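Here is the structure we will look at, set down as structure tokens.
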Amino acid sequence: MTGTPIHELTEAYRRSESTPTAATEAFLARIARLDGELGAYLTVTREQALRAAADADARYRAGKPLGPLDGAPLVYKDVLCTRGVTTTCGSRMLEGFVPPYDATVIARLTAAGAVMLGKGNMDEFAMGSSTEHSAFKPTRNPWDLTRVPGGSSGGPAAAVAAGLAAGGLGTDTGGSIRQPAAFCGVVGLKPTYGRVSRYGLVAFGSSLDHIGPFARDVTDAALLLRAIAGADPRDATCLTAPVPDYAAALAPGVQGLRLGLPDEYFIEGMDAEVERTVRTAVDVLRGLGATVERISLPATPHALATYYVIAPAEASSNLARYDGVKYGLRVAGAKDLVEMSSRTRAVGFGAEVKRRIMLGTYVLSSGYYEAYYGRAQKVRTLVRRDFDAAFGRVDLIVAPMTPNVAFKHGEKEDPLSMYLNDVFAVPADMTGLPAISVPCGFSAEGLPIGLQFIGKALDEASVLRAAYAYEQATPWRARRPSPA
Amino acid sequence: METVIGLEVHAQLLTRSKMFCGCPTTFGAPPNSQTCPVCQGMPGVLPVVNRRAVELGIRAALAFDCRVNAACRFARKHYYYPDMPKNYQITQYEEPLAEDGHLEIEVDGASRTIGIQRLHLEEDVGKLLHEGTLETAQASLVDYNRSGVPLMETVSRPDLRSAEEAAAYLKAFRAVLVFLGVSNGNMEEGSLRCDANVSLRPRGSRELGTKVEIKNMNSFRSVKQALEFEVRRQAEALAAGERIVQETRLWDADRGYTRAMRSKEYAHDYRYFPEPDLVPLTIDRAWIEEIRAGLPELPRQRRARFVTQYGLPPYDAEILTQSRALAEYFEAAVREFPQPKVVSNWVMSELLRELGADDEQAIRSSPVTPARLAGLLVLIEDGTISGKIAKEVFEKMRRGGEDARAIVGREGLTQVADEAALGRVIDQVLARSPRAIEDYKRGKTAAAKALVGQVMKATGGKANPGIVNRLLEEKLSKI
């Protein structure tokens with residue numbers, strides 16, 4: 001039961017072959033057995049989950065389930081505010097912080113009947129690509145416990161991969177859904193910026209932060225996206241465009257679809273196995289009737305550097321509120337206000353967060369603003385223009401998700417080599433375009449590899465449709481890790 | 001030396017809810033009772049612009065003849081202070097709501113035009129409460145009720161040439177805002193706050209001298225006194241060959257001087273950047289025109305019209321245009337009783353006896369409505385009651401909320417105009433006043449006035465004074 005996708009699970013509920021409580025208990029048991037080693041969860045909301053499952057049971061008994069997600073046991077990245085449930089962002093700074101409100105996405109999934117199993121581990125404040133920067137514990141990759149699950153949403157990715165949740169939500173500011181999805185062999189979708197409300201997502205880089213689903217398969221990703229997408233009066237950047245029934249539109253396949261394969265996404269130093277696997281996947285798509293043409297996105301090499309100006313700048317501002325005054329950590333014994341805040345921030349933030357706050361503070365400083373932040377915004381425009389031009393010729397872009405497979409814990413101590421892991425992920429965040437990572441094979445060592453599709457703004461439907469066609473034509477989703 | 005002053009005025013906008021969340025803006029509520037995750041700066045919250053605040057901002061901008069920008073943008077201004085929950089303020093920086101306006105001021109009968117450089121919207125911060133004084137407090141508390149309250153900041157050009165002009169600017173500015181319903185302009189409650197940039201330069205020079213920013217002026221009096229002090233301080237320093245230091249100084253109203261803030265208190269790099277949580281605000285032309293069409297006549301225009309249209313003395317016009325409610329009251333009364341100066345006298349002396357000229361609420365809800373005032377004036381006009389009785393009737397209307405006619409009828413306040421009845425009263429008065437009659441015969445006209453007084457007294461003030469005068473004269477001439 002812990003290995004099936006949500007749509008099969010809720011189908012089983014409808015046929016009375018299982019119940020939300022039975023499924024929830026099975027997941028909770030598996031968490032209890034395996035998570036000590038895996039480290040995917042920061043909080044397990046056992047009682048709450050069982051209560052929600054019992055409510056769902058009653059609805060199924062009455063023949064009135066709320067929809068295709070009713071009774072689905074999910075994991076939420078600990079950066080999403082959950083009313084009455086600790087939300088730490090993987091940081092000492094927010095250890096024990098209990099939000100008085102639900103993020104819009106949480107409220108929507110709860111209203112759809114979803115059962116929260118707990119909160120997933122993450123790199124502190126979503127800054128990292130390995131979940132090694134969680135202040136509480138690292139998460140391990142269920143395919144190989146010596147390796148990282150990717151990050152920053154490593155907890156939810158690992159949980160879904162290992163059968164510790166049927167699906168979940170992560171956030172993607174610079175690849176943080178898609179890169180761990182690729183490393184853990186699950187589907188990870190980053191929707192168009194504004195497609196999903198950010199209200200209640202603890203901000204890292206406001207113009208880059210996206211919320212999206214982790215799923216066992218593309219159908220589940222479509223179902224989860226539909227539940228969380230759509231206008232929200234609490235988020236001024238949220239779009240009002242109607243939300244299509246993504247799951248209903250998966251079937252047509254890729255026949256006649258024009259795919260662009262960007263030269264800049266096959267770079268020197270890239271893992272040969274990854275490149276080979278991705279190129280093979282592209283051949284599969286061609287075989288399914290898609291046309292594939294080489295395209296160029298020339299600004300790509302600058303995207304990552306630009307990202308590391310914009311994201312830290314916004315982070316330095318967003319993280320200014322953690323000063324020990326209102327909530328979260330306050331270091332005791334300070335003589336005055338300045339000392340209280342300085343010491344609280346010194347103790348509460350980890351090294352990577354401090355590094356980015358300093359970087360961001362610097363690039364916004366008077367005299368440097370134009371040279372860094374102003375210029376980065378111009379490059380961001382160039383990156384967007386590349387994609388606009390490409391989408392004049394092709395319907396979708398297909399590319400590798402990462403340059404390599406999951407690396408070992410402690411392998412990337414140098415921040416820059418860690419940052420490089422997101423080189424193929426960052427452009428979709430910079431442009432706000434929808435992108436998905438879908439499993440496309442395994443390395444010789446048995447580690448998952450991800451295939452990325454990037455679509456036009458608000459065209460999640462095509463992204464999902466292509467991913468679905470590929471998924472249905474290949475055997476990868478049947479392979480599950482056996483962490484214990 | 002020539003004084004150069006520019007003013008930055010912050011006005012709280014009269015919205016029901018805050019700038020970026022739905023919390024109420026009521027003043028004086030228990031600490032932190034008017035807050036939510038958004039205005040407390042909780043993790044994960046997002047701002048949403050209050051459209052009404054933008055509308056009020058545009059209203060003010062149009063009144064000051066500013067250019068309302070087709071698109072404007074919010075920005076984050078960073079500094080650490082615990083009254084500001086996010087440690088940044090959402091304000092406007094490079095792309096304000098409106099620019100390039102002006103305001104007319106009058107000092108000593110001469111009018112001058114003062115430029116307004118920009119007008120923008122922002123959120124207010126909370127308030128710190130210290131246990132004891134700031135220096136000795138063992139703990140401080142934060143009240144976020146005010147956090148997120150909408151403010152409009154207006155920056156004047158350095159066109160003001162004296163403390164008096166600065167005070168006149170602030171008064172005129174306030175009058176416009178109050179008149180438009182943009183702000184209640186209450187300086188004690190902090191709804192209107194003002195900072196000034198002051199510098200001196202040799203007369204005729206076009207370059208500006210080193211400026212000093214003055215803060216903490218919490219009343220019109222403070223503004224005038226603080227700026228007078230600062231101008232004197234700078235003049236003396238320059239005369240002594242010293243250089244003016246660019247700094248921020250605080251006005252100490254109790255001690256009557258400005259003192260330099262510690263440099264730590266203001267040496268900020270605000271690290272402005274566009275607020276990524278809000279999309280740029282595009283202001284539709286049609287919306288601006290709609291707001292323009294709904295603008296009431298401004299106090300200055302109305303004052304001039306009151307003089308020309310109603311033939312009122314400038315003094316009357318000035319008072320009657322102190323607020324929109326008062327001006328409207330006056331005009332409504334004049335429509336029913338078309339003797340403007342008479343109405344003006346009654347409004348100024350009676351209506352404003354117990355309420356302020358700018359107390360919009362009290363004027364609008366006064367039981368003596370414009371129609372009732374007009375009704376009273378009609379009774380004087382047609383001789384039903386005397387002016388003296390009318391004042392009593394006015395008081396009764398103020399308390400009871402009835403028509404003048406009803407009060408006069410019920411209480412028998414009608415003037416006695418029955419000549420036979422009055423003749424009998426006069427006869428009685430004359431019968432007991434032989435001395436007065438003698439005085440009158442010897443040419444003392446004052447004696448006649450005393451007799452009239454006695455007749456009025458005997459009739460309880462209800463006698464028609466004109467008839468009494470005539471009858472008395474007739475009778476006296478026959479004696």
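The values are calculated or read from the model by the stated rules, or taken from the named source; none is laboratory data. For clarity, every value in this text was computed on a predicted model and none was experimentally measured. FYI the Cβ positions are ideal-geometry reconstructions off the backbone, even for glycines, and counts take in every protein chain you see. What goes into the accessible areas is simple: the full protein's heavy atoms, side chains included, and nothing from ligands, DNA or RNA. Shrake-Rupley method; radii C 1.70, N 1.55, O 1.52, S 1.80 Å.
Could you check A:E132 against (1) open to solvent by 10 Å² or more (accessible area, probe 1.4 Å); (2) touching a helix residue (DSSP H, G or I) at 6+ places or on another chain (Cβ under 8 Å) and say which number it fails? Condition (2) is where A:E132 drops out. Applying the criterion of being of a type in the set (A, V, I, L, M, F, W, C), in contact with a strand residue (DSSP E or B) (Cβ under 8 Å, 6 or more places away or on another chain) and part of a helix (DSSP H, G or I) to the residues of region A:33-65, the residue that is most open to solvent (accessible area, probe 1.4 Å) is A:A52. Considered as a group, the residues in region B:23-65 that are assigned to a loop (DSSP other than H, G, I, E, B) and in contact with a helix residue (DSSP H, G or I) (Cβ under 8 Å, 6 or more places away or on another chain) include one that is farthest from A:D78 (Cα to Cα), and that residue is B:F64.
Checked against (1) in the same structural domain as A:M93 (by TED's automatic domain parsing); (2) among the hydroxyl-bearing types (S, T, Y); (3) surrounded by 21 or more Cβ atoms within 10 Å (Cβ to Cβ), A:S341 meets all criteria but (1). Within region B:445-476, restricting attention to residues that are over 12 Å from B:V425 (Cα atoms) and either open to solvent by less than 20 Å² (accessible area, probe 1.4 Å) or among the hydrophobic types (A, V, I, L, M, F, W, C) (or both), the residue that is nearest to the chain's Cα centre (by Cα) is B:G461. Being within 23 Å of the chain's Cα centre (by Cα), surrounded by fewer than 17 Cβ atoms within 10 Å (Cβ to Cβ) and within 22 Å of A:A215 (Cα to Cα) is a description that applies to A:G3.
Please work out if A:R59 is touching an Asp or Glu at 6+ places or on another chain (Cβ under 7 Å) and within 14 Å of chain B (Cβ to nearest Cβ). No. Criterion first (in the same structural domain as A:A222 (by TED's automatic domain parsing), charged (D, E, K, R), without any contact (Cβ under 8 Å) to a residue 60 or more places away in the chain and more than 24 Å from A:P244 (Cα to Cα)) does A:E445 satisfy it? When the stated conditions are applied, A:E445 does not pass them.
Looking across region B:391-429, the residues that are open to solvent by 20 Å² or more (accessible area, probe 1.4 Å), within 30 Å of B:K478 (Cα to Cα) and not polar (S, T, N, Q) come down to B:V416, B:A417, B:D418, B:E419, B:A420, B:A421, B:R424, B:V425, B:D427. Only strands (runs of 3 or more DSSP E) whose full extent lies in region A:160-273 are considered here, and the ones with at least 2 residues that are touching a Gly at 6+ places or on another chain (Cβ under 7 Å) and crowded, with 21+ Cβ neighbours inside 10 Å are A:167-172, A:187-190, A:210-215. Scanning region A:350-371 for residues that are touching a Ser or Thr at 6+ places or on another chain (Cβ under 9 Å) and either assigned to a helix (DSSP H, G or I) or open to solvent by less than 10 Å² (accessible area, probe 1.4 Å) (or both) yields a total of 10.
When you look at B:I479, is it farther than 28 Å from B:K391 by Cβ and open to solvent by less than 50 Å² (accessible area, probe 1.4 Å), yes or no? Here the answer is no, as B:I479 does not meet what is asked.
Listed here are the residues, each with its yes/no results for (1) in contact with a strand residue (DSSP E or B) (Cβ under 8 Å, 6 or more places away or on another chain); (2) open to solvent by less than 30 Å² (accessible area, probe 1.4 Å); (3) without any contact (Cβ under 8 Å) to a residue 12 or more places away in the chain; (4) among the aromatic types (F, W, Y).
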{"residue": "B:Y315", "(1), (2), (3), (4)": "no, no, yes, yes"}
{"residue": "B:F330", "(1), (2), (3), (4)": "no, yes, no, yes"}
{"residue": "B:F337", "(1), (2), (3), (4)": "no, yes, no, yes"}
{"residue": "B:A357", "(1), (2), (3), (4)": "no, yes, no, no"}
{"residue": "B:S365", "(1), (2), (3), (4)": "no, no, yes, no"}
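The selection criterion, being among the acidic types (D, E) and at pLDDT below 90, holds for B:E297.
Counting only residues that are out of contact with any Ser or Thr (no Cβ under 6 Å at 6 or more places or on another chain) and open to solvent by 30 Å² or more (accessible area, probe 1.4 Å), region B:162-187 holds 5 of them.
Residues being at pLDDT 85 or above and small (G, A, S) are entirely absent from region B:376-389.
Could you tell me whether B:A29 is touching a residue at least 12 places away in the same chain (Cβ under 8 Å), open to solvent by 10 Å² or more (accessible area, probe 1.4 Å) and out of contact with any Lys or Arg (no Cβ under 7 Å at 6 or more places or on another chain)?
yes
Within region A:386-437, being among the small types (G, A, S) and free of Cβ contacts under 8 Å to residues at least 12 places away in the same chain holds for A:A389, A:G392, A:S417. Filtered by the rule that a residue be under 19 Å from B:V125 (Cβ atoms) and open to solvent by 10 Å² or more (accessible area, probe 1.4 Å), region B:49-73 gives B:V49, B:N50.
Can you tell me which of A:A334, A:A320, A:A315 is surrounded by 14 or more Cβ atoms within 10 Å (Cβ to Cβ), within 9 Å of chain B (Cβ to nearest Cβ) and closer than 23 Å to B:V125 by Cβ? Just one listed residue meets the conditions, A:A320.
Could you say whether any residue in region A:398-410 is away from chain B (no Cβ under 14 Å) and polar (S, T, N, Q)? Within region A:398-410, one or more residues are away from chain B (no Cβ under 14 Å) and polar (S, T, N, Q).
Going through region A:274-283 one residue at a time, which ones are in contact (Cβ under 8 Å) with a residue 12 or more places away in the chain and open to solvent by 40 Å² or more (accessible area, probe 1.4 Å)?
Narrowing region A:274-283 to residues in contact (Cβ under 8 Å) with a residue 12 or more places away in the chain: A:274-275, A:277-278, A:280-282.
If the condition is that a residue be in contact (Cβ under 8 Å) with a residue 12 or more places away in the chain and open to solvent by 40 Å² or more (accessible area, probe 1.4 Å), then A:E275, A:T280 are the ones that fit.
When residues in region A:88-123 are screened for being charged (D, E, K, R), open to solvent by less than 10 Å² (accessible area, probe 1.4 Å) and either facing chain B (nearest Cβ under 10 Å) or in contact with a Gly (Cβ under 7 Å, 6 or more places away or on another chain) (or both), 1 of them pass.
Could you check, for region B:270-285, whether at least one of its residues is within 14 Å of another protein chain (Cβ to nearest Cβ), aliphatic (A, V, I, L, M), closer than 30 Å to A:A371 by Cβ and exposed (fewer than 13 other Cβ atoms within 10 Å of the Cβ)? For region B:270-285, residues within 14 Å of another protein chain (Cβ to nearest Cβ), aliphatic (A, V, I, L, M), closer than 30 Å to A:A371 by Cβ and exposed (fewer than 13 other Cβ atoms within 10 Å of the Cβ): absent. For region B:356-414, how many residues are farther than 16 Å from B:V334 by Cα and assigned to a loop (DSSP other than H, G, I, E, B)? Adding up the residues that qualify gives 18.
Conditions tested, residue by residue: (1) over 21 Å from A:P233 (Cβ atoms); (2) at pLDDT 95 or above; (3) more than 10 Å from chain A (Cβ to nearest Cβ).
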{"residue": "B:V38", "(1), (2), (3)": "no, yes, no"}
{"residue": "B:G41", "(1), (2), (3)": "no, yes, no"}
{"residue": "B:P47", "(1), (2), (3)": "no, yes, no"}
{"residue": "B:R51", "(1), (2), (3)": "no, yes, yes"}
{"residue": "B:E55", "(1), (2), (3)": "no, yes, yes"}
{"residue": "B:R59", "(1), (2), (3)": "yes, yes, yes"}
{"residue": "B:C66", "(1), (2), (3)": "yes, yes, yes"}
{"residue": "B:Y80", "(1), (2), (3)": "yes, no, no"}
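Out of all the residues in region B:84-117, which are touching a Cys at 6+ places or on another chain (Cβ under 9 Å), surrounded by fewer than 21 Cβ atoms within 10 Å (Cβ to Cβ) and either charged (D, E, K, R) or under 23 Å from B:G190 (Cβ atoms) (or both)? Across region B:84-117, the qualifying residues are B:E95, B:E99, B:D100.
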